[in-house]
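Structure first, then comments.
Laboratory data are not the source of any read-out in this text; all were calculated from the coordinates shown. This structure is a prediction, so every number in the text was calculated from the model and none was measured. A quick note on method: Cβ atoms are made from the backbone with ideal geometry, for glycine too, and the neighbour counts reach across all protein chains shown.
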Amino acid sequence: MKWKLAALILGILGGVGALISSIILIGQAGSLIAQAAVPSVLIGMEWAAVILALIGITGGALALSKPTIAGILMLISGIGEFIPSRMDSYLVIGAYLLIFGGILALYVGKYKARP
């Protein structure tokens, strides 16, 4: 049970961290687009990061009841967060937490505790 709880905490913390940082990055990209310094496709990538963060939070919330599905959702979200992060933002921290939580949830889902 403690491993499922750890996967839940990592998934929710990683998802919330990625959500907050992606919203901050949307604001930064919006100001850069107003100055015509970056293309507008950057905003679409940051909105994709918001959606992926919400998927990661959902995966973290499912870690207690359905750890295999939760692990898959967290891994998809964590790996997907690397695309818009440009490797210089705080999205990377949330992505690492989601990936670690996803691996942990898959491990818990594969090896169920004995009664």
key: Pair Lys66, Leu5: separation of 7 Å Cα→Cβ label points (nm)   = 2.4
request  = Subtract the Cα-Cα distance of Ile83 and Gln28 from 0.36 nm times their separation in residues, and report this length gain in nm to one decimal.
outcome  = 18.1 nm
query = Between Val16 and Ile93, how many nm apart are label points set 7 Å from Cα along the C-beta direction?
reply = 1.3
note = So, with points 7 Å from each Cα along the Cβ direction, the Ile51-Tyr107 label distance in nm works out to 3.2
